[in-house]
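> Starting off with a structure, shown below.
The values are calculated or read from the model by the stated rules, or taken from the named source; none is laboratory data. Note that the structure is a prediction, hence the values are computed from the model and not measured. All Cβ positions, even for glycine, are placed from backbone atoms using ideal geometry, and neighbour counts span all protein chains on display.
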Amino acid sequence: MNELQARRDIVESGRRLWLRGLIAAGEGNISIRLSENEILTTPSGVCKGFLTPEMLCVTDLDGRLVRGEQKPSSELLMHLTIYKHRPDVRAVVHAHPPTATGFAVAGLSLEGCAHPEIVLLMGGIPLAAYGTPSTQELGDSLLPHLPTHDAFLLANHGAVCVGKHLWDAHFKMESLEQYARILLTARLLGGERPLPPERVRELEALRPKFGVTVSAHCIGGEECPSCNAPRPTASVAKFHPVAPRNGPAASAPSEEDITALVREVTRRVLERMK
């Protein structure tokens, strides 16, 4: 791959991730496989919204610096683990998208068959076990899911996406966060409804047409363990009538009052997510 163009693409990807709020400060890292033994990666501790092509580093598959003056990304070990176990992967994007990371911190995956685009393009987004950042443990946490998935949540940490080129991985990260927002909204409104099995099969059959090679499989419907796993649901706090200093105790809210409160909370959450 042309190294100069790869550098420019990483700079632009970092800028877009930062502008969309998928990373902040020095968060996140991006890499591209230049050749079978060379990886172009972002430097450590730098805001990815303000990168320049010269700031990027080239390492080999063992993490040794080949070209560049700055220290490579602190999460380089995770990137190298992915490249070693998935020869088809040409780029990796790691970020901390707020809504998706909220799911990861809550111990919830984004698996299931509720949204056609996710079923078609990603087949689900599993939650990898917690691994200490910047250690081999983090990369190893992906291994159970890596053969069949291209997008992952990292428990208590963030998300990582892989692709056949940088923009493939980048846009998967954008879609991952968009799906997390959709799923959160659905759960505020009572919970998502999984697609039936026959509809899931139709979507999976379309993957070759769109050049999708991911093999993750979802059963769909009421029998799907991913779609019907126990999940926390939004609830309204109980109200306890409090007696005023000079008067009778306040009455408990009516069903209409509670419904109105739920609608108002939902409206405010949706407004903040715009």
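> Give the residue, chosen from Ser13, Ser31, Ser109, Ser74, that is assigned to a helix (DSSP H, G or I) and surrounded by 14 or more Cβ atoms within 10 Å (Cβ to Cβ).
On the way: Ser31 fails: assigned to a helix (DSSP H, G or I); Ser109 fails: assigned to a helix (DSSP H, G or I); Ser74 fails: assigned to a helix (DSSP H, G or I).
Ser13 is the lone residue from the list that is assigned to a helix (DSSP H, G or I) and surrounded by 14 or more Cβ atoms within 10 Å (Cβ to Cβ).
> Look at the range 59-115 and say how many of its residues are within 20 Å of the chain's Cα centre (by Cα), among the basic types (Lys, Arg) and farther than 18 Å from Ser141 by Cα.
Number of matching residues: 1.
> Enumerate the pairs (first residue in the range 8-33 and farther than 25 Å from Asp88 by Cβ; second residue anywhere and polar (S, T, N, Q)) with beta-carbon separation below 8 Å, excluding pairs fewer than 6 apart on the same chain, so at least 6 apart or on different chains.
Gly26/Ser44
> Between Ala180, Ala155, which is closer than 30 Å to Ala260 by Cβ, surrounded by 15 or more Cβ atoms within 10 Å (Cβ to Cβ), assigned by TED's automatic domain parsing to the domain that holds Val92 and at pLDDT 95 or above?
Being closer than 30 Å to Ala260 by Cβ, surrounded by 15 or more Cβ atoms within 10 Å (Cβ to Cβ), assigned by TED's automatic domain parsing to the domain that holds Val92 and at pLDDT 95 or above holds for just one of Ala180, Ala155, which is Ala180.
> Looking at Ala216, Ala250, which is the one that is modelled with pLDDT of 65 or more and assigned to a loop (DSSP other than H, G, I, E, B)?
Ala216 is the lone residue from the list that is modelled with pLDDT of 65 or more and assigned to a loop (DSSP other than H, G, I, E, B).
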